[in-house]
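These notes concern the structure reproduced below.
The values are calculated or read from the model by the stated rules, or taken from the named source; none is laboratory data. If you're wondering where the values come from, they're calculated on a predicted model, not measured in any experiment. Here the Cβ positions follow ideal geometry from the backbone for every residue, glycine too, while neighbour counts run over all protein chains shown. The accessibility values were calculated without ligands, DNA or RNA, using every heavy atom of the protein model including side chains. Shrake-Rupley method; radii C 1.70, N 1.55, O 1.52, S 1.80 Å.
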Amino acid sequence: LKGELDAILAKAINKEAERRYVSAQQLADDLRRYLKNEPVLAKPDSVLYRMRKFFQRHTVGVMTTVAVMLSLLVLAVQLFKRSQELQSALQATQEEQQRVSQVTEYLIDVFKLSDPLQNQSEIVDVKSLLDHSSQQLAHQFNQEPATKAKLYQTLAAVYLNMSDIQ
């Protein structure tokens, strides 16, 4: 005999009367508890012992609970990661929106130069307008290099479409 049955038997036949079961009913109750996988009185009581007995009685429920808790933990981690990714994407979108807004404002300002009613400027042909805007761009958007690069790309594409390689 090992474990709890050994402890029950040792308590039942202990030489010291105060350490034995008081009655046969107590011995029978301890044996019933043993058969039901409940903590027995003959075994020293501890939290670990009670937890082990609880687990033996409710293995399926405990395993199910652990699986559900692990699933919830994995889900929470995935949701946190996804939230971080979405936050980064939102920030990138806002930066791109700001860049588009700056480019739009710049182009509107460039084309205002060609309006003879608003300006007394002599710039009326497209090539002169592009040359002037290219010169202006050299002094603007120094704090936003990505926006400046995008504008230079756009001007280069327009120059190429006009067959002006220089």
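At a glance:
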read-out	value
Any chance Thr104 is modelled with pLDDT of 85 or more and among the β-branched types (Val, Ile, Thr)	no
Complete set of residues in region 1-33 that are modelled with pLDDT of 90 or more, open to solvent by 70 Å² or more (accessible area, probe 1.4 Å) and within 51 Å of the chain's Cα centre (by Cα)	Arg32
Test: residue in region 34-44 that is over 30 Å from Ala146 (Cα atoms), modelled with pLDDT under 95 and assigned to a helix (DSSP H, G or I)	yes
Residues of region 34-49 classified as open to solvent by 70 Å² or more (accessible area, probe 1.4 Å) and small (Gly, Ala, Ser), total	0
Qualifying positions in region 78-98 - open to solvent by less than 70 Å² (accessible area, probe 1.4 Å) and farther than 30 Å from Phe141 by Cβ	Ser83
Search result, residues across region 147-160 that are open to solvent by 50 Å² or more (accessible area, probe 1.4 Å) and within 15 Å of Gln98 (Cα to Cα)	Ala149, Lys150
